Amino acid sequence: MLGEERMSSSPHLVQVRERIRINGQPISPEHFTKHFWRLYHRLEETKVSIQQGWCSGARSHRRASLFLAAVFPRGVRERIRINGQPISPEHFTKHFWRLYHRLEETKDSSSCVSMPAYFRFLTLMAFHVFLQEKVDLAVVEVGIGGAYDCTNIIREPVVCGVSSLGIDHTSLLGDTMEKIAWQKGGIFKHGVPAFTVPQPDGPLAVLRERAEQIACPLYLCPPLEALEEGGPPLTLGLEGEHQRANAALALQLARCWLQRKDHQEYGAPIIRDAVRTLNSLQTNASYLAEVKRRRGDLQTQLETMKLYLARSGLQVEDLDQLNIIHVTGTKGKPTSHMRHGLRDTEWPGRTQILCRGPLTWYLDGAHTSSSVQACVRWFRQALHRRQKSGPEVPEVRVLLFNSMGDRDPAPLLKLLRPCQFDYAVFCPNLTEVSSTGNADQQNFMVTLDQVLLRCLEHQQHWNRLDEEAASPDLWSTPGPEAGGPASLLLAPRLPHTHGTSSLVFSCISHALQWISQGRDPDLQTPSSPRDLLVHPVASSGASVLREAAAVHVLVTGSLHLVGGVLKLLDPSLSQ
């Protein structure tokens, strides 16, 4: 039989089988699954299994999490977790194809769209996984906004939470904090308790009004300081002052569920899940682009989600049994279990520090103005602590940055200026120039040329900020100079500035090779391309980085970028 093999470049993630065709036809789901896992196990030689049970007691309780907006270093499976662990490759494949075939069988022939978009599909799949795995608790993160988000088909969660609000995605949610607060308050449900953290007066008033209209009891979380009175201070596993608000909200969400279910001894794992969810409430660009591509307004999209749920074999009523904590961003002392939960919380890529020989990597997926401000405070405080704890040594500071979507990078880069970087490095969110192994980092809706052009724009913004900092304001009124009257000074003296050299690399791997200069004992990357040091800045900077006693690298601007960096710094995260 004459066979023809062909590789397709179709951008449709759901219909991935179309990329591999034999005799013009996509390979069957069975063949795709068989060959996929045969290759996967050959390469990885490991198997990720679901952690069974997480607490001792009369019965094993299982909790689940759905993260829509966040991006994770280990890829798409980390969005759906059971007992804190990503679902296994086998479970992901099983549930994926079961849902896919069900939707194929129930599609309307008159409809031009047979499959829900990427994030809707993941939401449907998560609900199916949670119900079939019979979880006791589900922590569900909103994708974008709240009122018309695809997760808002949940009718009666156990408790709802709204984290710190900020200005973001104004084309969809509104251009003021009050409009955004209205969208966030859309997850409130009649008679279901809701919690929020201190907000500006305007947005807080909107949340209160939304709660009153829906008859939802809304509570303002007490700060951690109030919970620490008369007891030892609370230790947080995640660094940064902004984590205290997240921890305060996580405590109240967990306490509410525990009181309702009378399971006080299970506080620690629920606290960890809640804190992780609150830290992942940063909507990524691919989700935003997907929402913008869909026709109709947000309300229409929510109704469409209900139709997809029915086609998949579930009804809205089926979700009532999940005991859901719905998160989009009472006072009582934390129990010992809650304290352990806060202390033991880990979240890769969020205020994370990795010490590798002379290199120290600071990783934070901040990508909004408010989160970048928090990132800068955390980074500078971390540097200050390290400088106080040891002798002063020659050091180099490096920024590795990228931003995605239609977000304006200029304000974010301006916020990073006070960190006084010696080098600013920009690269796409691709671990390698080749697309192999990049599926979870790659945005298939843009080309490599487009993402490289955006990196060059980032570099131009940064250089412009450098020039503005170095240029004196000739029109300002000069102040008096020592030893002479102010009237004799015709032009102000140039201020001392901390200049920054900037570079653009084609992928994360090349950027890390240049930054580390072989001094990170755990970093394993392919051999460097011949032209990696052709640029004068790259050549001279390589010498500086090799000779520095300490190199501090801040990676920020995109969770995709942080995920790709972690994938190379710690390959075990990809297993």
> Regarding GLY185, is this residue buried (at least 22 other Cβ atoms within 10 Å of the Cβ), in contact with a Lys or Arg (Cβ under 6 Å, 6 or more places away or on another chain) and of a type outside the set (A, V, I, L, M, F, W, C)?
Replying inline: yes
>> Here is a check on your reading of the model: is ARG397 at pLDDT 95 or above, of a type in the set (D, E, K, R), surrounded by 18 or more Cβ atoms within 10 Å (Cβ to Cβ) and touching a helix residue (DSSP H, G or I) at 6+ places or on another chain (Cβ under 7 Å)?
In response: yes
> Among the numbered criteria (1) surrounded by 21 or more Cβ atoms within 10 Å (Cβ to Cβ); (2) under 16 Å from GLY146 (Cα atoms), which single criterion is violated by ASP175?
Replying inline: (1)
> Just to be sure, is GLY145 of a type in the set (Gly, Ala, Ser), modelled with pLDDT of 90 or more and either in the same structural domain as GLU241 (by the TED database) or surrounded by fewer than 16 Cβ atoms within 10 Å (Cβ to Cβ) (or both)?
Replying inline: no
> What about PRO409, is it surrounded by fewer than 24 Cβ atoms within 10 Å (Cβ to Cβ), touching a Pro at 6+ places or on another chain (Cβ under 6 Å) and under 30 Å from LEU172 (Cβ atoms)?
Replying inline: no
>> Checking GLN381 against (1) assigned to a strand (DSSP E or B); (2) open to solvent by 60 Å² or more (accessible area, probe 1.4 Å), only one condition comes out false. Which one?
In response: (1)
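Conditions (1) more than 15 Å from ILE80 (Cα to Cα); (2) at pLDDT 90 or above; (3) of a type in the set (Gly, Ala, Ser), marked per residue:
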position: LEU173; (1), (2), (3): yes, no, no
position: MET177; (1), (2), (3): yes, yes, no
position: GLY185; (1), (2), (3): yes, yes, yes
position: VAL197; (1), (2), (3): yes, yes, no
> If you scan segment 205-229, which residues turn out to be at negative phi, open to solvent by 30 Å² or more (accessible area, probe 1.4 Å) and among the aliphatic types (A, V, I, L, M)?
Replying inline: ALA205, ILE214, LEU218, LEU220
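Hey, among ARG102, ARG42, ARG63, which residue is loosely packed, with under 11 Cβ neighbours inside 10 Å and modelled with pLDDT of 50 or more?
Numbers: ARG102 fails: loosely packed, with under 11 Cβ neighbours inside 10 Å; ARG63 fails: loosely packed, with under 11 Cβ neighbours inside 10 Å.
Just a single option satisfies the conditions, and that option is ARG42.
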>> Looking at the structure I just gave you, is GLN243 assigned by the TED database to the domain that holds GLY161, among the polar types (S, T, N, Q) and open to solvent by less than 40 Å² (accessible area, probe 1.4 Å)?
In response: yes
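The values are calculated or read from the model by the stated rules, or taken from the named source; none is laboratory data. From a predicted model like this one, the values you see are computed outputs, not experimental measurements. Every residue, glycine among them, receives a Cβ derived from its backbone with ideal geometry; neighbour counts consider all protein chains shown. Just so you know, the surface numbers come from the protein's heavy atoms only, side chains and all, with ligands and any DNA or RNA stripped out. Shrake-Rupley method; radii C 1.70, N 1.55, O 1.52, S 1.80 Å.
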